[in-house]
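Note sheet for the following structure.
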Amino acid sequence: MLADTTRHIAKIRKKSKEYIRTSLDKSKSSKLEIALINIDLFLATVAIVVNLGVSIPEIFFEFMSSTFSILIGLFITALIFSFEKFYKTEIVNPVNASATDRLKDTISYNFTKRFIFLTGYVILITIMALALLLMSVLFPEMNELHIDNTIVNIQKHIWLNLWTSVCIFFYRLILFYCILKIAFYTIYLVSSMVHYMSSRIL
Amino acid sequence: MNPKFEIFKLQLQTRNGDKKTFRDFAEYGLGTETTPNNKEAFDHIFSEYMKAFTAPYAIDKKTKKQLKIVESTEHNEFFKLKPSKSSTGSIIAGVINGGAYGTKRILSDIVKTDEDQKVSMNKSVLGYVYTFLYIPPEHDTGICIITSNSLESSVTKLYRDFLSTFFSGNGVTFSKPLVSPFVPKEIQKDFKETATVAKLVFSDSFIESNGFEGDILEGSKQYNIEVTFSPVGDSKPTLEEASSLFNKIKNKFISKIRGKELKLIDFRNKKLVANSKKFKGEKTFEWNSREDEFIPVIHLKNYYPSALDKEEYPIFEEVKKCCLELFNEKILPEIRPDLNASRYN
């Protein structure tokens, strides 16, 4: 079961990344664009973390935990909904199907697959972000940079202080990167879903 | 001469507005005994298309021009290259004959000067035209490419009308298809990136009795008015700048007709002539302004010089290759996005 879970998680991550950078007709790939988005998200994360104070307000953890819990619930609902609602082939006879119908069918199939994998990926990142938040609640010392600034102690515990600071810095970096990524993918999912649905109606 | 490729997009139209493919056209437009598969439908369209060159609509009595396939190797130098089916089952391409009749002429020999012959009004003088028709049975949009020379000898308009009539079938299910000029985006882009403006020409004709005011024109005759804007100096504007130049001058006042202002935008013919120096020498394109989309002309001399002989007459074997290359590389990916589309793994 553990091996299966790991394999499935790896597949979700790999496929969602592959699908998001490939156009819906699979004719073009935009690796550079996705790389630039990731760099932008990372730079924004660094800017946030560097400008954070010594401690993060407790209300932030409460607020984010509630938001993520709601998001996970909503995304799982969307995932179940997409399973039977999104893709339904309208081609009765594949041999005689028109070119337009075939293209529509391919795009519809690909969109559904992209939506499923990307939603799954967002759920996984959200669970990860929730776990990181939980660690902060369980171990409040992770929430604050404890730097003993007396000269004696600085010299005595210099490596310990440095190690703690680096760990907390990276903890914050991963947490905020996850938050920004969830926000970005949620916006992308919602906008593309609306666009897809309207194109199906018109 | 300066032969060129003229490309048209052909979109089937049905009377009730439904989307129908060329296979449906074979079945309902031309009539088949049984429901055909793609190959049968294409074969049926091909045989009917070849028959259509003997139909009354292959002759245009207004412009006095005729389309024909001269079935004789003795008279038709390119009979071997007459329209044939491709193995892919979607292309009909080959050399057809077309030309004008209805004029009293004398057939003269420039070498044997005493061998003159009278050409009567009902005799047409036919030239050679390469035609390429892409009609995928599973799609509703096709492509037509035709070589043409000067406006006078060109049978492009007649061939367009011929296709329009042919693809309306028996007229019950299908109406005349939409036939619109088409230039691949890649060629438009290639041109736009490298071209500079040679001149902007606005022209129209007016009859004096419509009421010109002032002392511009006198007498009740028809006049042509032409306004030309041409940049001076070495730093000529690019096409992007030409659009803003056009927007600036299009509403400028020129004259008055019956008290109404006549602006440049109101002129019937608005032309932009541009040069592109991307390759050897200078390319000149004439642009037609149609719904704000500029359509560069594909002259064989500029794009496919190997398809012309020393006297700039098309070498049809080469034209065939160039046409196929143009179609496969630049047109097909644009009009058939479904061919490049595939499902995610």
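Nothing in this text is a laboratory measurement; each read-out follows from the coordinates by a stated rule. Treat the numbers as computed from the prediction; the structure is a model and nothing was measured. Cβ sites come from the backbone with ideal geometry, for glycine too, and all protein chains shown count toward neighbours.
Data table
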read-out: Top positive-direction residue, dipole computed over chain B with Cβ charges, set B:V95, B:F46, B:S175; value: B:S175
read-out: Amide hydrogen neighbours beyond the local backbone of B:K123, cut-off 5 Å, H modeled; value: B:G102
read-out: Kirkwood Rh, angstrom, chain B [1 / mean 1/r, Cα pairs]; value: 23.1 Å
read-out: Unit charges at the beta carbon, dipole of chain B: most positive-side option, B:C323, B:S203, B:I69; value: B:S203
read-out: Angle between chain B longest axis and helix B:38-52 axis [Cα atoms, degrees, rounded to 10]; value: 70 degrees
read-out: Net charge of neighbours whose Cβ lies under 14 Å from the Cβ of B:A26, counting Lys and Arg as +1 and Asp and Glu as -1; value: -3
read-out: Residue pairs, from the table A:K31/B:K19; B:K9/B:K250; B:K19/B:K51; A:K28/A:K181, whose Cα atoms sit over 28 Å apart; value: A:K31/B:K19; B:K9/B:K250
read-out: Chain A - Kirkwood radius from inverse mean 1/r over Cα pairs (Å); value: 19.9 Å
read-out: 5 angstrom amide H check on B:G142, placed H, neighbours 5+ away; value: B:L10, B:Q11, B:L12
read-out: Nitroxide proxy distance, nm - points 7 Å out along Cα→Cβ at B:H75 and B:K301; value: 3.2 nm
read-out: B:R268 paired with B:M121, simple spin-label distance in nm, labels 7 Å along Cα-to-beta-carbon; value: 2.8 nm
read-out: Degrees, to the nearest 10: A:58-85 long Cα axis against longest axis of chain A; value: 20 degrees
read-out: Gain upon complete extension [A:L74, A:E141; 0.36 nm per residue less C-alpha separation]; value: 20.9 nm
read-out: FRET efficiency, 1/(1 + (r/R0)^6) with R0 25 Å, evaluated for B:T54 and B:L324 via beta carbons; value: 0.35
read-out: Peptides B:184-196, A:35-47 ordered by average Cβ neighbours within 10 Å, highest first; value: B:184-196, A:35-47
read-out: Rounded to the nearest 20 debye, dipole of the protein assembly as shown from Cβ charges on Lys, Arg, Asp, Glu; value: 280 debye
read-out: FRET E, pair B:I254, A:A10, Förster distance 45 Å, beta-carbon r, rounded to 0.05; value: 0.05
read-out: Residues A:K14, B:K236, A:K104, B:K310 arranged by fewest to most Cβ contacts within 10 Å; value: B:K310, A:K14, B:K236, A:K104
read-out: Distance between modelled label sites at B:Y223 and A:L134, nm, 7 Å Cα→Cβ extension; value: 8.8 nm
read-out: Rg(Cα)/(2.2 N^0.38 Å) for region B:103-201, N = residue count; value: 1.60
read-out: Peptide A:94-106 - average C-beta neighbours from other chains (10 Å radius); value: 6
read-out: Whole-Hz couplings from phi, Karplus 6.51/-1.76/1.60, listed for region B:319-335; x for Gly and Pro; value: 4, 4, 5, 5, 4, 5, 5, 4, 5, 5, 8, 10, 9, 4, x, 7, 8
read-out: Angle between chain B longest axis and helix B:156-166 axis [Cα atoms, degrees, rounded to 10]; value: 50 degrees
read-out: Cα Rg, Dmax, the protein assembly as shown, angstrom units; value: 34.0, 122
read-out: Cα convex hull of region B:1-147, projected area averaged across orientations, nm²; value: 11.4 nm²
read-out: Computed E for B:V232/B:S203 - FRET, C-beta separation, R0 35 angstrom, nearest 0.05; value: 0.95
read-out: Under 15 Å from the A:I37 label point (7 Å along Cα→beta-carbon), backbone N, region A:110-141; value: A:111, A:114-123
